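Participant: Once you've had a glance at the structure underneath, I'll fire off some questions.
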Amino acid sequence: MTDEYKKLDKTFNINPEVVEEPTKSIERVNPPPDRLTKSEITRDYEYTRGNLYSIIEKGQEAIDGILELAQESEMPRAYEVAGQLIKHVGDVADKLMALQKDKKAVKEESAKKVVTNNSLFVGSTADLQKMLKKVSKETDK
């Protein structure tokens, strides 16, 4: 212990004690799997699809209201907002279609089987080079 700490201990009239804590065992937690289960994919798809439908429906109602307001007021800003809202609803509809494609891609990805073929070449590097030259000549023809 340094002299500075001893002076502080004396100033505050304390006696330092060393307390040892028992060691704690750490349990290893397995990381979550990289792939989602079919039920999770389906649940996420249905939730997202429902939200997109809701956004489109509310957007349609908002478009009807803003177009009515724009026609009554004949203000250019109201028409600009209506145009932006129409574009946004169209983008959400595109997202809905992209969601269909994404679900199909995920379904196909989960159906793929990974096959690993390990090939072993036994021979010298000269033999390997000759074989590779032969193969490259055959593919060039």
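Participant: How much length, in nm to one decimal, is gained on full extension between Val135 and Ser119, taken as 0.36 nm per residue of separation minus their Cα-Cα distance?
Facilitator: 4.2 nm
Participant: Can you work out the base-10 log of I(q)/I(0) for region 37-107 at q = 0.13 1/Å, using the Debye formula on its C-alpha atoms alone?
Facilitator: Log10 I(q)/I(0), no solvent term: -0.48.
Participant: Then there is this: Multiply the residue gap between Phe12 and Glu68 by 0.36 nm, knock off their C-alpha separation, and tell me the result in nm, one decimal place.
Facilitator: This chain segment gains 12.3 nm when fully extended.
Participant: Another question, if that's okay. Under a Cβ-only charge scheme (Lys and Arg +1, Asp and Glu -1), can you give me the dipole magnitude of region 37-107 about the Cα centre, in debye to the nearest 20?
Facilitator: 680 debye
Participant: Averaged across orientations, what area in nm² does the convex hull of the alpha carbons in the chain project?
Facilitator: Here the figure is 29.3 nm², rounded to one decimal.
Participant: Run the dipole for the chain about the Cα centre, Lys and Arg Cβ at +1, Asp and Glu Cβ at -1, nothing else charged, and hand back the magnitude in debye, nearest 20.
Facilitator: Using Cβ point charges on Lys, Arg, Asp and Glu, the chain gives about 1300 debye.
Participant: With point charges of +1 on the Cβ of Lys and Arg and -1 on the Cβ of Asp and Glu, referenced to the Cα centre of the chain, which listed residue (Pro22, Pro76, Leu128) lies farthest in the positive direction of the dipole?
Facilitator: Of Pro22, Pro76, Leu128, it is Leu128.
Taken together, the values in this text are just the output of simple stated rules run on the coordinates, not laboratory data. Predicted, not measured: the structure shown is a model, and the values here were computed from it. A quick note on method: Cβ atoms are made from the backbone with ideal geometry, for glycine too, and the neighbour counts reach across all protein chains shown.
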